[in-house]
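To start, the structure under review is shown below, and the notes come after it.
What follows is calculated from the coordinates using simple rules that are stated; it is not laboratory data. What you see is a predicted model, and the numbers here were worked out from it, not measured in a lab. As a convention, Cβ positions derive from the backbone with ideal geometry for all residues, glycine included, and neighbour counts pool all protein chains shown.
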Amino acid sequence: MENIQKQLFEIVKGRINKEDSLGNALSDVLHISPDAVYRRYRGETPLTVEEVKRLCNEYHISFDALLDLQAGNVSFTYPPLNTFDFSLESYLNGILNAFERLKRMGGAEMILSVNNINFFQLLNFPQLVRFKLYFWAKTHLQIPLYQQEKFRHEKTSDSAFQLGKEILTIYNSIPSKEIYDPEFMRGFLRQIQYYFTAHLFEDPEYALFLHDRLTMLSGHLQAQAIAGKKYIYGTEMPASGNDFQMFLNETINSDGTFYYKSEEVEGVFVTHNIMNYLETRNEAYVGDTKSILDRQLANSSQISQINEKERNNFFYDFERTISVFKRKIEADLAI
């Protein structure tokens, strides 16, 4: 129980605002004095069952994960689908909250295995994010609200634009190693093609607009790879910080994995149900995941800052693929 209590406090420390002291933050949750909180933190006083329940409920912690009864059992947290209203704002809010927690921990770094889409880079072009979320809701989850609608061009709301910018700002500020493969964005292109041929665009020419945005995404990602720095599209590249290491895996990334590490904790997000995600801080699982990612990195070629030939070939093939899909749609529109 002493070890479980220690683990619980370590998780809670990572989830409170750094501006708040542990004593002040938890005295309100547990209805005890700050001194009493620190006695529990030091292990001098055991937490009661009710106090454990309050901490787990307040900070969304799985007590089962703390018990970790046997090897091979891992507990994940995830945002249930029924909590989404499928607006761009609600989806971005959940991602922003996770990023803000990571940023508060200090000394954060991350490794991403990109399976088709790097959602964070996609945020540089909100119209692409809006289409992706709509496709998920209508075609994959078949939300009734969307079934009689066609996708139409709408300006991204100010609130959604600001949320995306805040996520990008935090993502850009955290050093990252990112593993891409030759299938990057091919699935997204096929989704645009599907909506066009199924007559699910209110204005069929909007499909061409999305292809143009993908070409802009390619150019921006290539500029970041050349510089080894992440930054928001249309802004100045930072002089320091925002480190970006881009790697090319010439085979296929079988899944989308997001490993993060801070001064206090390590964890993993795993893509689930196409756009949803699972999160765990289970030490054994995170350790195994990190080991696999390290091997992926060792078997991949770094194309940021170095290996100009491989980098140019990667982006040339990507933009040529965009052009092929776009020409098919242009030919159909000309008929």
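Could you tell me the convex hull volume per residue, in Å³, taken over the Cα atoms of the stretch 79-202?
Cα convex hull per residue, to the nearest whole number: 112 Å³.
Below 8 Å, C-alpha to C-alpha, sequence gap of six or more: please give me the relative contact order for the stretch 2-67 in percent.
This gives 37 percent for the stretch 2-67.
Quick one: if you take sqrt(5λ) for each eigenvalue of the C-alpha gyration tensor of the stretch 2-67, what semi-axes come out, biggest first, whole angstrom?
Values for the stretch 2-67, descending: 16, 14, 11 Å.
Between helix 158-173 and the chain, what is the angle of the helix's C-alpha long axis to the longest principal axis, kept within 0 to 90° and rounded to the nearest 10?
70 degrees
Pairs of Cα atoms under 8 Å, at least six residues apart: use those to get the relative contact order of the chain, whole percent.
21 percent
Amide H to amide H under 5 Å from Leu248: which residues, 5+ apart in sequence or cross-chain, H placed 1.01 Å off N in plane?
For Leu248, the qualifying residues are Tyr180, Ser301, Gln302, Ile303.
Given the peptides 113-126, 191-204, arrange them by the average over their residues of other C-beta atoms within 10 Å, most packed first.
Order by mean packing, descending: 113-126, 191-204.
Which percentage, to the nearest 5, of the DSSP beta bridges contained in the chain is antiparallel?
Around 65 percent antiparallel, to the nearest 5.
What distance in nm separates the simple spin-label points at Ile4 and Ala227, each placed 7 Å from Cα in the Cβ direction?
So the label points at Ile4 and Ala227 sit 5.0 nm apart.
Multiply the residue gap between Asp288 and Asn24 by 0.36 nm, knock off their C-alpha separation, and tell me the result in nm, one decimal place.
Value of the extension gain: 91.4 nm.
For a label point 7 Å from the Cα of Glu266 along Cα→C-beta, name the residues of the stretch 112-130 whose backbone N is under 18 Å from it.
Residues 112-113 qualify, since their backbone N sits under 18 Å from the label point.
Compute the long axis of helix 283-298 from its Cα atoms, compare it with the longest principal axis of the Cα atoms of the chain, and write down the angle in degrees, 0 to 90, nearest 10.
For 283-298 against the chain, the angle is about 30 degrees.
For Glu236 paired with Asp212, estimate the spin-label separation in nm (one decimal), with each label point 7 Å from Cα along the Cα-to-Cβ line.
In this crude spin-label approximation the distance works out to 2.9 nm.
At each listed q (0.16 Å⁻¹), what is the log10 of I(q)/I(0) that the Debye formula gives for the stretch 240-325 modelled as equal alpha-carbon point scatterers?
Log10 of I(q)/I(0), two decimals: -0.85.
Hey, with R₀ at 51 Å, roughly what FRET efficiency would Glu149 and Arg39 work out to, going by the Cβ-Cβ distance, to 0.05?
Approximately 0.35, to the nearest 0.05.
In whole Å, what is the distance between the alpha-carbon centres of the stretch 195-266 and the stretch 19-45?
Their Cα centres are 42 Å away from one another.
Quick one: plug the Kirkwood hydrodynamic radius of the stretch 231-274 (C-alpha pairs) into Stokes-Einstein at 37 °C, 0.692 mPa s, and report D in µm²/s.
234 µm²/s
Length gain on complete extension for the stretch Asp317 to Gln162, per 0.36 nm per residue less the alpha carbon to alpha carbon distance?
Gain in length upon complete extension: 52.6 nm.
Between Val49 and Glu310, what is the label-point separation in nm under the 7 Å Cα-to-beta-carbon projection?
5.7 nm
For the chain, modelled as a GNM with alpha-carbon contacts under 10 angstrom, which of Glu109, Glu236, Glu149 fluctuates the most?
Glu236
Helix-only estimate, please: 222 nm mean residue ellipticity of the chain, summing -39500 (n - 2.57) across DSSP H runs of length 4 or more and dividing by its residues, to the nearest 500.
Only helices count here, giving -16500 deg cm²/dmol.
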